[in-house]
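Peer 1: One structure coming up, written as structure tokens, with questions to follow.
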Amino acid sequence: MACGGVTDIDNSAAIQAQKDLTAAYSEAATNSTSPTTVVADLAGLTLYPGRYYSTSTIILSTAVTLDGGGDPNAVFIFQAGSAITTSTNSVVHLQNGAKAANVFWVVGTACTLGTYSTFAGVIMAQTSISILTGAQLEGRALAEVLAPVTLDTNNITNP
């Protein structure tokens with residue numbers, strides 16, 4: 001785990017970070033709020049604060065808009081039963097107060113951000129995360145089961 005240029009491996013900071021991720025993943029995956037079921041491909045949708053669920057894969061083939069409705073504390077939680085996959089040049093647009101720090105993507109298995117896609121939010125995947133060539137992430141990429149987070153010429157900004 002790299003933090004501010006320091007690498008923490010199998011020490012107290014790394015162990016605590018893993019515990020925190022496990023707790024956050026569990027909370028986001030099991031919160032009692034009833035989720036809205038979404039179609040596999042979010043392309044073209046405008047979604048408002050809330051919890052969204054797909055029993056299988058969430059796909060983003062073009063663009064999705066997350067509209068905070070003027071609330072800077074608006075929270076979006078997306079739960080994918082298996083994977084999240086974005087296509088080349090796909091985009092997550094944030095508008096009307098929506099913030100990447102308040103968008104959570106809970107992934108049952110793996111997440112792949114396609115080439116040159118633009119993504120926003122905190123990705124918490126059970127297994128691996130692959131961020132392909134030129135993809136941009138405003139958020140964090142966190143793999144829960146000590147699996148790889150693979151990067152390739154990416155721009156990642158902390159929300």
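The values are calculated or read from the model by the stated rules, or taken from the named source; none is laboratory data. All values derive from a computational prediction rather than experimental measurement. Ideal geometry is used to build each Cβ from the backbone, glycine not excepted, and the neighbour counts take in all protein chains shown. The protein model used for the area step is the full one, side chains on, heavy atoms only, and it has no ligands, DNA or RNA in it. Shrake-Rupley method; radii C 1.70, N 1.55, O 1.52, S 1.80 Å.
Peer 1: Ignoring ligands, DNA and RNA, what percent of the 1.4 Å accessible area of the chain is carbon and sulfur?
Peer 2: On the chain, the fraction of accessible area on carbon and sulfur atoms equals 55 percent.
Peer 1: Cβ neighbours within 10 Å, averaged per peptide: list 104-110, 68-74, 41-47, 58-64 in order, most packed at the top.
Peer 2: Final packing ranking: 104-110, 58-64, 41-47, 68-74.
Peer 1: Give me the 1.4 Å probe accessible area per residue for the chain, excluding ligands and nucleic acids, in Å².
Peer 2: On the way: 7740 Å² over 159 residues.
Per residue, the chain has 49 Å² of solvent-accessible surface.
Peer 1: Please tell me the relative contact order of the range 1-135 in percent, rounded to the nearest whole number, where contacts are Cα pairs under 8 Å and at least six residues apart.
Peer 2: Result for the range 1-135 is 18 percent.
Peer 1: If packing is taken as the mean number of other Cβ atoms within 10 Å per residue, what is the order of 19-29, 124-134, highest first?
Peer 2: 124-134, 19-29
Peer 1: Dividing the Cα convex hull volume of the range 101-154 by residue count, how many Å³ per residue is that?
Peer 2: For the range 101-154, the hull spanned by Cα atoms encloses 56 Å³ per residue.
Peer 1: Could you tally the net charge around residue 142, taking each other residue with its Cβ under 15 Å from the Cβ of residue 142, Lys/Arg +1 and Asp/Glu -1?
Peer 2: -3
Peer 1: Can you give the convex hull volume of the alpha carbon atoms of the range 1-94 per residue, in Å³?
Peer 2: That works out to 146 Å³ per residue.
Peer 1: Rounded to the nearest Å, what's the spacing between the alpha carbon centres of the range 89-139 and the range 53-82? Just the number, please.
Peer 2: 10 Å
Peer 1: Count the DSSP beta bridges whose two residues both fall in the range 1-111, then state the antiparallel fraction as a percent rounded to the nearest 5.
Peer 2: Among the beta bridges of the range 1-111, antiparallel pairing accounts for roughly 10 percent.
Peer 1: Same structure, new question: Which value in deg cm²/dmol, rounded to the nearest 500, describes the helix-derived mean residue ellipticity at 222 nm for the chain, given -39,500 (n - 2.57) per DSSP H run of n ≥ 4 and division by the residue count?
Peer 2: About -4000 deg cm²/dmol.
Peer 1: Additional query: In degrees between 0 and 90, to the nearest 10, how far off the longest principal axis of the chain does helix 12-30 point, with axes built from Cα atoms?
Peer 2: With both axes taken from Cα atoms, the answer is about 20 degrees.
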